[in-house]
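I have placed the structure first, in the form of structure tokens, so that the comments after it can refer back to it.
Each value in this text was obtained by applying a stated rule to the coordinates, not by laboratory testing. Only a predicted model underlies this, so the values are computations on that prediction, with no experimental measurement involved. Here the Cβ positions follow ideal geometry from the backbone for every residue, glycine too, while neighbour counts run over all protein chains shown.
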């Protein structure tokens, strides 16, 4: 049975509280769906760039965006890595919307197959490794970690998944996601694609935070800013069997939550500065509608008329624009018509 060792330090507790506070504040903001869709594409590009860059992919972000916008005719390995990660993210976001994201071995293997498609031999796609692996430090050209033996890989992954699913409603989702992330790195269950698979599989666990703008979230970006620190925090040095009883997740969890804060602050800074075009720009009178609904749960045309000096026909157009942008819903008919925020 997998029983991770960690402590809830003052630093970790403080960072968890800050993350929850940021999530609440971000969820109070509302933006047109058409704008969020564009920024979701940008977030996917950042994630695909960062997660593959961590593993040594040389493509800059500008080229990654170009590749995702227009698929190359002749695809290089570096381009295939980016395309695979982006496609896996698209599939994931759809599952998050339908809440079909229960962690399982099958899901992890499916993710691995997606991120390594056309990069590994077919018999290794979506399959746990059948050969021993070693972790080298290229800077010193020495072996620094020996992962578990092949015979133990499936058992260790299965025990990790059981721990996650049993404790999802008992332990904070940040702790759950962080533990999963590091333990997967330790087990190193695949011949290649371990990092990309693990970072993708961590996303549905982080989605449990309840962030409405989760599709704009690129937590991989923080790791890519200092890859050395990331590998130092997530990895271990030595032989797994000598270390396993004493592996402590505390320092990693502090680093992990620190990265989540960094990304949430990036999103917080990004969203208010969205450059709306004329079709999506919200005027002060549109904001008054949204503010009134947030305070009173609904608004009628009569309520709106008290807030602004606009003709009845113009007020109707204001409501229509917010409906078109996916921000509000219309309820009732005739004189009983009222408007509420659209559920996300």
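If each residue of separation counts as 0.36 nm, what is the full-extension length gain between residue 333 and residue 320 once their alpha-carbon separation is subtracted?
Details: separation 13, 0.36 × 13 = 4.68 nm, distance 1.46 nm.
Gain on stretching residue 333 to residue 320: 3.2 nm.
Rounded, prolate or oblate: which one fits segment 284-341, using the alpha carbon gyration tensor with axes a ≥ b ≥ c (rounded when a/c is under 1.5, else prolate when a/b beats b/c, else oblate)? Numbers along the way, then the final one.
Details: a/c = 1.16, a/b = 1.06, b/c = 1.09.
Note, shape of segment 284-341 comes out rounded.
Taking the chain as a Gaussian network, Cα atoms linked when under 10 Å apart, which of 230, 304, 85 shows the biggest mean-square fluctuation?
So, out of 230, 304, 85, the one fluctuating most is 304.
Going by alpha carbons, how many degrees (0 to 90, nearest 10) lie between the helix axis of 150-167 and the longest principal axis of the chain?
Tilt of helix 150-167: around 30 degrees.
Relative to the longest principal Cα axis of the chain, at what angle does helix 33-54 sit, 0 to 90 degrees, rounded to 10?
Once rounded, one gets 10 degrees.
When a footprinting reagent is the concern and you count Cβ atoms within 10 Å, what order do 337, 197, 228 take, fewest first? Could the numbers behind the result be given before it?
Numbers: 337 14, 197 26, 228 8.
In order of increasing Cβ crowding within 10 Å: 228, 337, 197.
Report the full-extension gain for the segment residue 269 to residue 69: residue separation times 0.36 nm, less the Cα-Cα distance, to one decimal in nm.
Numbers: separation 200, 0.36 × 200 = 72.00 nm, distance 2.51 nm.
Result for the pair: 69.5 nm of gain on full extension.
May I ask you to derive the FRET efficiency for residue 231 and residue 37 from their Cβ-Cβ distance with R0 = 41 Å, giving the value to the nearest 0.05? Walk me through the numbers before you get to the answer.
On the way: r = 34 Å, r/R0 = 0.83.
Computed FRET efficiency for residue 231 and residue 37: 0.75.
Does anyone have the angle between helix 312-324 and the longest principal axis of the chain? Alpha-carbon axes, 0 to 90°, nearest 10?
It is inclined by approximately 10 degrees.
Compute the relative contact order of the chain as a whole-number percentage, counting only Cα pairs closer than 8 Å that sit 6 or more residues apart in sequence.
In percent, rounded to a whole number, it is 24.
Per the helix-only calculation at 222 nm, which mean residue ellipticity applies to the chain, given -39500 (n - 2.57) for every DSSP H run of n ≥ 4 and division by its residues, nearest 500 deg cm²/dmol? Show your work: numbers first, answer last.
Numbers: 15 runs with 201 residues, N = 344.
Taken over the chain, the calculation gives -18500 deg cm²/dmol.
Got a sec? Which residues in segment 9-25 would a label at residue 251 touch, if it sits 7 Å along Cα→Cβ and we count backbone N under 16 Å?
Taking a point 7 Å out along Cα→Cβ of residue 251, the residues of segment 9-25 whose backbone N falls under 16 Å are 9, 11-12.
Applying 1/(1 + (r/R0)^6) with R0 = 35 Å to the Cβ-Cβ distance of residue 301 and residue 27, what FRET efficiency is obtained, to the nearest 0.05?
0.80
Normalised by the residues of segment 294-344, what does the relative contact order come to in percent, with Cα pairs under 8 Å and at least six apart? All intermediate terms of the calculation are to be shown ahead of the outcome.
Numbers: 43 pairs, mean separation 20.8, N = 51.
Worked out over segment 294-344, it gives 41 percent.
Test of understanding: ordering 73, 295, 63 by Cβ neighbours within 10 Å, fewest first, what list do you get?
Working: 73 5, 295 8, 63 14.
Placing the least packed residue first, the sequence is 73, 295, 63.
Quick check: the distance between the Cα centres of segment 33-72 and segment 121-156, to the nearest angstrom?
28
Report the residue, chosen from 319, 214, 92, that carries the largest GNM mean-square fluctuation when the chain is represented by alpha-carbon nodes joined by springs under 10 Å.
319
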